[in-house]
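Enquirer: So that we are looking at the same thing, I have put the structure below in C-alpha cells.
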Amino acid sequence: MNTSPAIVILGSGSLATARRIQQRYPQALVHGLEGRVEGADRQYAAFGDTLRALYQQGTPIIALCAAGIVIRTLAPLLNEKGAEPPVLVVAEDGSAVVPLLGGLGGVNVMARELGEVLGVAAAITTSGELRFGTCLLNPPPGYALADLEQGKRFVSDLLAGEAVRIEGDAPWLGQAQLPASDSAQRTIHVGCTARPASRDELLIHARCVVVAVATGGADLAPRVRDALQAAGIAEPALACLLASDADMAEPALHEAARALNVALRFVPAGTDLQQMLGDALPAARVESVGGLALAIAPAPVEVERLGRRRGRLAVIGLGPGAAELMVPAVKAELAQAQDVLGYETYVRMAGPFRDDQVLHCTDNREEMQRARHAFELAAQGRSVVVVSSGDPGVFAMAAAVLEALHESAQPAWQRVELEILPGVSASLATAAQAGAPLGHDFCVMSLSDNLKPWSIIEKRLDLAAQADLVLAFYNPISKARPHQLGQALEVVRRHRQAHTPVVLGRDIGRPGQTLRVVTLGELEPMMVDMRTMVLIGSSTTCTFARVGGGEWVYTPRWYPTRP
Ligand code: SAH
C-alpha cells in the first residue's frame, strides 16, 4: 500500500504552502481542484468524493482548507470500521497545523513534522502525546502493541500520575518523557514471549522472530502458530516468513503469510534454511520446532534486509487518457511501482512519478524487448509496471508480455507475480461519447498489417461486414500505409449502405479531443489518422439530434426477425 500523504488543495492560493509541505514528504502528490488550481500534480473534480476515496484507501490526508469542511466531508465515514489514516488540516498560508484524525496512525508525529516545516507549533491536543512526547499506543515499526484497550487504560493511569518502569529493550521509549521510576508498579514490558499482561503492565511485542518454512501444505499458518506457541513466542512478534525461492509462486505460502499478516521473504533454492537464518541473523537463537526453524533475534528484524521479496509485474491500461477514466486499481499499482516501462507518450501520460521510481521509455515497436526487460526486473524482486493506453489486452502489451513468458524457459520469470489490470479501451470511450453505437453485437479489428497479412484483414472485414456487425477499427491508417483504409472501406461498402452512421473519435479523453459523426458515404480516409477510432454502424445503427447540438448514435439491443 502507498502510505505517502495526499496534499489536497482547493485554490491556487494554497499551492505555495503545498509545495513547502511536499519538500518534507517528497513522495506526496498535490491534488488540485480542476479549473481552480493550475500546476497541481493531480487534478480532481469533486472535493468530497476525492477526500472520502483517499480516506477509505487509507491514504494520509493533508488538506489545506478550513477544518470544518474536512470534518463535515469525512463525518459519514467515521463510524465505519477499518484503518483510520492520519488526517490533518493546514491553514492556506501555513500559519496553523491541526491534526484531526488518526491518532494511532501517527497523526501527531506528522503534525509536528509539518509544524517544523512551516515554523509553527502544531495544535496537538492528545494528553498522552503532550505529556510524554510520544504516543505509547502507536509504537514504531518493528514493535506491536498487544492490546489496545488495555493500552488506553494504562496511559490513563500514567496521566493520573502513576510512575512507570521499562522492562526490555525499546530505544524509542528512551526519548519519551515518561514518569520513570525504578520502584514503579506500572511497567512497560517489551519482548517477544507469549505471556498474559498483568493489570499493571503495557505489553509491547518486538517483532524479532522469523520462521523458515520448507514447503506449502494447506495447514501452514496453523503449523506456524503451533510452533510459535510451542516456543513460547507471541504471534505479533513474528516479523516474517522465510522460504526458498523455488516455492515463490506456491499459493499456500502466500495464504499463510496473509493469514499471519506478515511479509514473505525468499532465499535462493538449495539454501539450508536453518543455516541461512543463523547467517542472516547472527545474534539470533535458532530453534527447530515442529519441523519448522525459528530464529529469535534480540531486536526487531529488518525484514527488508532478509532475503528478498517476490517480484511483481503488472500490465496496466491507462484508459484513453483522462485521469477520471483510469481505474482505481491501476492508480494504486502506479503508486507502488518501482519500475515503469512503456512507450514514452504513455509513460508520460501515466505520471507524474516520484524521484525514486525508475522510468524505462522505449520506442513503440520494441514490444517484445520491453516485455522481456519487464520480466528481468520483476525476477529481481522489483515491482514493475508495463503501461499501455486503453486496455492492455486490446492490441497492446498484455499479449506481448504473455508471449514472452510462454517462450521463456526461465523459472525465475514463471515465479513473478503477474497481473493484468484492465482499462477503458478507445472503442468503448469513443462509443460512450457518441451514445451507444456498440449497443448490439460488434467486431473489433486492427487495420494494421504489421503483424498479420493484409489478405486476412480483407477477409475478416468482408465476413464481419456481411454478418452485419458494427465495426470498430483500431490503427485505421498510418503514414506507412496510407491507402489501406480506402481499400478496407471498399470492402465494407459492398455490404453496407451509404447512409450507415460512422463515428470518428480522435484523441478521446485527451486534450483537443474531437468527435465526428458522418455517414459511410461521406467517410474519406483523410478524415482519419492514427489517433482516430473508427466505428462503423450496422444496418440498425441510427442517429437523432441531441439537444444542444450534434447527434446521438446508437445501435438498438434488438434485431429485426426475418419474416
Ligand atoms: N490498447 C489500446 C489500443 C492500442 S492500438 C486501447 O485499448 O485503446 C492504437 C489505436 O487505438 C490507435 O491507432 C487508435 O485507433 C486507437 N486509440 C487509442 N487511443 C485513442 C484515443 N484516445 N482516441 C481515439 N482513438 C484511440
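The values are calculated or read from the model by the stated rules, or taken from the named source; none is laboratory data. None of these values were measured; they are calculated from a predicted model. FYI the Cβ positions are ideal-geometry reconstructions off the backbone, even for glycines, and counts take in every protein chain you see.
Enquirer: Name the strands (runs of 3 or more DSSP E) wholly inside the range 301-391 in which the number of residues that are under 15 Å from residue 401 (Cα atoms) and of a type in the set (A, V, I, L, M) is 2 or more.
Expert: Because the criterion is at least 2 residues that are under 15 Å from residue 401 (Cα atoms) and of a type in the set (A, V, I, L, M), the strands (runs of 3 or more DSSP E) in the range 301-391 that meet it are 312-317, 339-343, 383-388.
Enquirer: Would you point out the residue of the range 3-21, among those that are surrounded by 18 or more Cβ atoms within 10 Å (Cβ to Cβ) and under 20 Å from the mean Cα position of the chain (by Cα), that is nearest to residue 262 (Cα to Cα)?
Expert: Ranking the candidates gives 5 first.
Enquirer: Just to be sure before I move on: is residue 286 part of a loop (DSSP other than H, G, I, E, B) and among the aliphatic types (A, V, I, L, M) in the structure I sent?
Expert: no
Enquirer: Which fully enclosed strands (runs of 3 or more DSSP E) of the range 1-71 have 3 or more residues being in contact (Cβ under 8 Å) with a residue 12 or more places away in the chain and hydrophobic (A, V, I, L, M, F, W, C)?
Expert: The qualifying strands (runs of 3 or more DSSP E) are 6-9, 29-33, 61-64.
Enquirer: Examine the range 415-424 for a residue that is in contact with a Leu (Cβ under 6 Å, 6 or more places away or on another chain) and more than 27 Å from residue 538 (Cα to Cα), and state whether such a residue exists.
Expert: Yes, the conditions are met somewhere in the range 415-424.
Enquirer: From the residues in the range 171-194 that are within 23 Å of residue 130 (Cβ to Cβ) and small (Gly, Ala, Ser), which one is surrounded by the fewest Cβ atoms within 10 Å (Cβ to Cβ)?
Expert: 174
Enquirer: Do the conditions hold for residue 118, that is, is it within 26 Å of the chain's Cα centre (by Cα) and within 23 Å of residue 51 (Cβ to Cβ)?
Expert: Here the answer is no, as residue 118 does not meet what is asked.
Enquirer: Could you go through the range 197-215 and let me know if any residue there is among the small types (Gly, Ala, Ser) and farther than 23 Å from residue 280 by Cβ.
Expert: Yes, the range 197-215 contains a residue that is among the small types (Gly, Ala, Ser) and farther than 23 Å from residue 280 by Cβ.
Enquirer: Among the residues of the range 528-548, write down those that are within 13 Å of the ligand (Cβ to nearest atom) and without any contact (Cβ under 8 Å) to a residue 60 or more places away in the chain.
Expert: 528, 529, 530, 531, 532 - these are the residues of the range 528-548 that are within 13 Å of the ligand (Cβ to nearest atom) and without any contact (Cβ under 8 Å) to a residue 60 or more places away in the chain.
Enquirer: Separate question: Can you tell me how many residues in the range 271-303 are in contact with a Lys or Arg (Cβ under 9 Å, 6 or more places away or on another chain) and at pLDDT 90 or above?
Expert: Total satisfying the criteria: 8.
Enquirer: So, in the range 129-151, how many residues would count as being assigned to a helix (DSSP H, G or I) and closer than 17 Å to residue 187 by Cβ?
Expert: Going through the range 129-151 one residue at a time, the tally reaches 3.
Enquirer: Of a type in the set (D, E, K, R) and farther than 25 Å from residue 355 by Cβ: does that describe residue 41?
Expert: So residue 41 fails the test.
Enquirer: Taking interchain pairs and intrachain pairs at least six residues apart, which have beta carbon atoms under 9 angstrom, with the first residue in the range 449-466 and over 16 Å from residue 485 (Cβ atoms) and the second exposed (fewer than 15 other Cβ atoms within 10 Å of the Cβ) and modelled with pLDDT of 95 or more?
Expert: Taking only residues 6 or more apart or on different chains, the pairs are 466/494.
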